[in-house]
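The values are calculated or read from the model by the stated rules, or taken from the named source; none is laboratory data. From a predicted model like this one, the values you see are computed outputs, not experimental measurements. Cβ placement follows ideal geometry from the backbone for every residue including glycine, while neighbour counts extend to all protein chains displayed.
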2 protein chains.
Amino acid sequence: MSKKVAIIGTGLIGTSIGMALKKSLGDKLELVGHDRDPERSRQAVQMGAFHKSEVNLLRTIEDADVVILAVPLGAMPSIMKDAYDSFSTNCVVTDTGSTKAQVVKWAEELLPKHVAFVAAHPMAGREISGPEGAKVDLFAGATYCICPTVTTKRDALDVVVGLVESVGAKPLFIDAYEHDSYVSFVSHLPIIIASALISSTNKSEGWREISRLASSGYKDTSRLASGDPVMNTDVCMLNKEHISARIDDYITELKNWKTLINGDGVELEKQFTRVWEARERVISGADMTQETRPFEKIPSATDYLMGTVATRKLNEALDKWTEAKAAKNKKRS
Amino acid sequence: MSKKVAIIGTGLIGTSIGMALKKSLGDKLELVGHDRDPERSRQAVQMGAFHKSEVNLLRTIEDADVVILAVPLGAMPSIMKDAYDSFSTNCVVTDTGSTKAQVVKWAEELLPKHVAFVAAHPMAGREISGPEGAKVDLFAGATYCICPTVTTKRDALDVVVGLVESVGAKPLFIDAYEHDSYVSFVSHLPIIIASALISSTNKSEGWREISRLASSGYKDTSRLASGDPVMNTDVCMLNKEHISARIDDYITELKNWKTLINGDGVELEKQFTRVWEARERVISGADMTQETRPFEKIPSATDYLMGTVATRKLNEALDKWTEAKAAKNKKRS
């Protein structure tokens, strides 16, 4: 019998997950999409993302083996509350929210105890929101954060890692608090930078003339300002401490650049060279940690509470998990 | 007899201009490319950008009807000096530099009086520098700034507007000082924003872990940090007053965003909505001035000295020029 996967929220992310799962596992799954706006879930079905759409939230969740919450962060607690009685026993629930500490907290407080929740976050997006922005390969090669806690069930983790791999992404185990810190650097600060570029330049006298000179550089640097305003607001509200710290650091850095610009150019050129090289390393992935350590034991509660150690331990667990799976598959064949 | 067009500097811009001119006017022109690095001009010839390359700067410029200086700003004065005796009489010289006030000054001081200089700047680019980044359609639909002065010869302006249209770009007449102010908003501030994003995040402890979460948002926002370090330094050195003012405004704006992020979210959502709409207007071109006024007279020296009026007058002149050309063509056919 095929497993029922219910995706709540058929926007950019939910619809792209549906498309990717249908492509890789379509015959083994019953993919059902629900959206607060039924027109959007119908559109997602037409795009081939789901076997069917369902207008009723509770019916979508009933008898689902897996529920993926792909809704804006602000909508998450009310959905968890509303659907409390509808989750089937041993249902695996995951989400795609851009911050994780608060989501983990909501899940612990609001979901029924017979549900296995695994917080997650795909590191992929586009400025075109809604199903119309969805792409079957949106997650191809992307990092997909998975944030287990001490109470996360191993079987549920197994299911979510499987889903992540099925959409073509690379699972990364990461502590929820660390996740929120990390994304403030690489996702949330860029959103503010892009938005402030627009608001800073747009208000200038003569903008109608000035904007004629805006080219790909201005457009790329400001691209994230075209993200969904509600989702961006949710993200900032749930990660304000980290984002505020990033803005402070960034302002300090801008002041350094201004000093260099007002110098003789020698240090400025060195600095431009350094950032050129630094960006190359990010793009090529050379900056990423390649360390893998021998797996010793399944991470304990203490490990999880040890800050930076947590992520490493979690990834050691993932390595072990992958090895074990490979060994099992080898044995079978 | 075909006209000789010499392009000095066969990097991204020079090679792309060569490719576009060869496509649109190839049989009417003799396109010759020169680069300080002969390997780069040979590569540009292989890419079909030029009829031939020439290793000697002076021979490249000798008997050229048009010379396009597509070199970094810092290299421009020495080329003007070195080639002083090589420019043919009535040679039209133009450039592609990212700042214009200083270039106009250099041209007035350093070029022989029998040369007709027209400063210009195509609003297009890529982060891949060198001939390998060149594309035949790099300028398709792009704004191409032309900065005449009171001494600019009408015939030379005619030639440069013709070149701009031949590469598929849209000519925009703009005062050189205004140009430098405008590009500080839409080109140079974004370069600093992108570079500071890299330098600010890259220095953080744990960057090797954090960078695994960097996705398209981080990469797009930082794209301009991959621009040529020498060219970026030149630009900052020649436009430091405008750029410094933009950085100050931008820091003020970031502080406003931080305040909103630490509020209840209501004003923040409104602000995210405003920038979403503002970026839409830029992308769609709705922000651009659409005003066209009846042409009255050829702009006078006074007009040029009148600050913001200058650009409008210049564009009225361009409208007139376009109308006159269209009428002439109609008459012919």
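Report yes if A:THR151 is more than 21 Å from B:GLU277 (Cα to Cα), more than 12 Å from the chain's Cα centre (by Cα) and of a type in the set (S, T, N, Q), otherwise no. Yes.
Residues checked against (1) within 23 Å of B:LEU157 (Cβ to Cβ); (2) in contact (Cβ under 8 Å) with a residue 60 or more places away in the chain:
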residue: B:SER2; (1), (2): yes, no
residue: B:ILE13; (1), (2): yes, yes
residue: B:ALA49; (1), (2): no, yes
residue: B:GLU62; (1), (2): no, no
residue: B:VAL66; (1), (2): yes, yes
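For the stretch B:169-179, the condition holds for at least one residue, the condition being that it is over 30 Å from A:LEU138 (Cα atoms), surrounded by fewer than 19 Cβ atoms within 10 Å (Cβ to Cβ) and either more than 7 Å from every other protein chain (Cβ to nearest Cβ) or touching a Gly at 6+ places or on another chain (Cβ under 6 Å) (or both). Kindly establish whether B:VAL103 is under 27 Å from B:TYR177 (Cβ atoms) and either free of Cβ contacts under 8 Å to residues at least 24 places away in the same chain or touching a Gly at 6+ places or on another chain (Cβ under 6 Å) (or both). Yes; evaluated as a whole, the condition is true for this residue. With respect to B:SER211, is the statement that it is in contact (Cβ under 8 Å) with a residue 12 or more places away in the chain, crowded, with 22+ Cβ neighbours inside 10 Å, within 7 Å of chain A (Cβ to nearest Cβ) and of a type in the set (Gly, Ala, Ser) true? When the stated conditions are applied, B:SER211 does not pass them. Here A:VAL93 does not qualify as touching a Cys at 6+ places or on another chain (Cβ under 7 Å) and not charged (D, E, K, R).
Scanning for something crowded, with 22+ Cβ neighbours inside 10 Å, within 22 Å of B:SER222 (Cβ to Cβ) and in contact (Cβ under 8 Å) with a residue 24 or more places away in the chain, does the stretch A:146-165 turn up at least one residue? No, because not a single residue in the stretch A:146-165 is crowded, with 22+ Cβ neighbours inside 10 Å, within 22 Å of B:SER222 (Cβ to Cβ) and in contact (Cβ under 8 Å) with a residue 24 or more places away in the chain.
Taken together, the residues in the stretch B:216-253 that are closer than 18 Å to A:LEU260 by Cα, within 7 Å of chain A (Cβ to nearest Cβ), of a type outside the set (A, V, I, L, M, F, W, C) and in contact with a Gly (Cβ under 7 Å, 6 or more places away or on another chain) amount to 1.
Put simply, of A:THR94, A:THR89 the only residue that is touching a Phe, Trp or Tyr at 6+ places or on another chain (Cβ under 9 Å), closer than 21 Å to A:GLY162 by Cβ and of a type outside the set (A, V, I, L, M) is A:THR94.
Within the stretch A:1-17, the set of residues being part of a strand (DSSP E or B) and more than 17 Å from A:PRO122 (Cβ to Cβ) comprises A:LYS3, A:LYS4, A:ALA6. From the list B:SER200, B:SER129, B:SER166, the one residue that fits, being within 13 Å of another protein chain (Cβ to nearest Cβ) and modelled with pLDDT of 95 or more, is B:SER200. Just so you know, in the stretch A:223-245 the residues that are within 19 Å of A:VAL104 (Cβ to Cβ) and acidic (Asp, Glu) include one that is nearest to the chain's Cα centre (by Cα), and it is A:ASP234. Every residue in the stretch A:249-266 that is assigned to a helix (DSSP H, G or I) and either loosely packed, with under 13 Cβ neighbours inside 10 Å or not acidic (Asp, Glu) (or both), please. Of everything in the stretch A:249-266, those that are assigned to a helix (DSSP H, G or I) and either loosely packed, with under 13 Cβ neighbours inside 10 Å or not acidic (Asp, Glu) (or both) turn out to be A:TYR250, A:ILE251, A:THR252, A:LEU254, A:LYS255, A:ASN256, A:TRP257, A:LYS258, A:THR259, A:LEU260, A:ILE261, A:VAL266. Only residues that are surrounded by fewer than 18 Cβ atoms within 10 Å (Cβ to Cβ) and not small (Gly, Ala, Ser) were counted in the stretch A:220-248, giving 3. Filtered by the rule that a residue be more than 19 Å from B:SER187 (Cβ to Cβ), among the charged types (D, E, K, R) and assigned to a loop (DSSP other than H, G, I, E, B), the stretch B:136-175 gives B:ASP137, B:LYS153.
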